[in-house]
Ligand code: GMP
């Protein structure tokens with residue numbers, strides 16, 4: 001018996017979200033559509049320049065865990081916050097969604113991570129992340145029983161930025177595999193892939209990672225090619241199961257010789273793309289751990305991703321189980 005469907009591991013971050021125009025990104029040297037890492041001084045500067053904002057719990061894998069719980073799945077989370085206001089908000093929100101979250105918080109220093117997210121009129125999000133407490137996540141935070149008891153352990157590629165989180169991932173993956181479980185990862189961001197390309201390829205090729213989530217840009221970055229077809233062929237060989245998202249063109253799931261194209265849902269207006277990939281992974285992994293076909297896993301991913309981009313903030317306000325039932329997917 002498994003205790004959890006999915007254990008998610010990631011940088012525990014509170015998002016601070018505001019709209020801006022295109023010029024703002026250029027004037028402030030923010031790479032559009034990317035996750036930009038910032039230090040505390042730049043965080044202060046950007047916050048001073050930011051317009052009226054709203055705060056919402058985020059963190060890529062945290063959003064995935066919250067999404068899985070919203071579908072009715074059993075989710076757990078490892079991530080480091082501090083004992084401060086933002087840490088309290090993060091902890092409240094993820095637990096209120098029904099996710100088991102017991103990572104010991106820091107005593108206040110460094111403070112809980114925050115990402116200042118600027119959303120341009122087209123709905124694209126450009127993130128500026130101060131990692132704060134996340135730099136302290138390490139092997140001492142691995143709750144082995146949770147890793148052994150989860151059908152899938154899923155982590156973000158972003159965890160290669162803080163210094164010791166990768167050690168926690170290796171421990172978790174080994175515990176999971178020893179218990180006959182599977183390990184999944186997200187490639188997170190094309191620039192993150194560029195920073196850790198060789199290590200990510202090694203994770204896939206060594207079999208430490210069994211399932212990979214990537215968007216088109218991350219996949220092309222991984223293989224340093226401009227050809228989607230050749231990148232897809234490469235990932236097929238490097239990883240047992242891959243789900244590649246392509247914004248409004250939906251996603252493609254590949255497993256060996258199998259190729260499953262999945263449509264995106266029809267969207268009225270893209271409000272804020274924050275969380276699209278995270279919620280795609282949530283839907284997919286909820287479906288996967290409940291034994292559904294790859295096509296249905298992809299459809300559940302499309303539904304959750306499509307809902308989260310029609311609202312502000314990275315965690316769906318709607319109940320995903322209800323929405324999936326209404327859509328005839330559950
Ligand atoms: O990016 C992950 C997923 O989010 C995609 O596979 C789509 O399901 C969804 N998505 C992201 N951007 C868009 C968009 O612009 N339009 C639509 N319809 N879906 C999107």
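Rule-based calculations on the coordinates, nothing more; no lab input. What you are looking at is a predicted structure, and each value in this text was computed from that prediction instead of being measured. With ideal geometry, Cβ positions are generated from the backbone for all residues, glycine too; neighbour counts draw on all protein chains shown.
Among 166, 151, sorting on how many other beta-carbon atoms sit within 10 Å of each Cβ, with the fewest leading, yields 166, 151. Normalised by 2.2 N^0.38 Å, with N the number of residues, the alpha-carbon radius of gyration of the range 1-87 equals 1.34.
If you run the Gaussian network model on the chain, springs between alpha carbon atoms under 10 Å, then out of 259, 103, 225 the most flexible one is 225. Applying the Kirkwood pairwise sum to the alpha-carbon positions of the range 220-306 produces a hydrodynamic radius of 13.3 angstrom.
Which whole-number percentage describes the relative contact order of the range 72-223, with Cα contacts under 8 Å and a sequence gap of 6 or more?
Relative CO of the range 72-223 lands at 17 percent.
For the range 209-246 and the range 36-67, compute the distance between their C-alpha centroids and round to whole Å. The range 209-246 and the range 36-67 have Cα centres separated by 28 Å. Residues within the reach of a label modelled at residue 319 (point 7 angstrom out along Cα to beta-carbon, backbone nitrogen below 14 Å), restricted to the range 63-89, are 69-73.
Sort 85, 64, 172, 129 so the one with the fewest other Cβ atoms within 10 Å of its own Cβ comes first.
In order of increasing Cβ crowding within 10 Å: 85, 129, 172, 64.
Just to be sure I understand: with springs between alpha-carbon atoms less than 10 Å apart, which residue in 27, 102, 189 has the highest mean-square fluctuation in the Gaussian network model of the chain? It is 27.
If you rank 239, 134, 20, 8 by fewest surrounding Cβ atoms within 10 Å, what's the result?
20, 239, 134, 8
One quarter of the convex hull surface built on the alpha carbon atoms of the chain amounts to 15.1 nm², the projected area averaged over directions.
In the range 160-262, Cα pairs under 8 Å separated by at least six residues give a relative contact order of 20 percent. Relative contact order for the chain using alpha-carbon pairs under 8 Å, separation at least 6, rounded to a whole percent? Once normalised by length, the contact order is 18 percent.
In a Gaussian network model over the chain where Cα atoms closer than 10 Å are linked, find which of 159, 285, 25 has the largest mean-square fluctuation. In this elastic network of the chain, the residue with the biggest mean-square fluctuation among 159, 285, 25 is 25. Between the alpha-carbon centres of the range 261-280 and the range 85-117 there is a gap of 26 Å.
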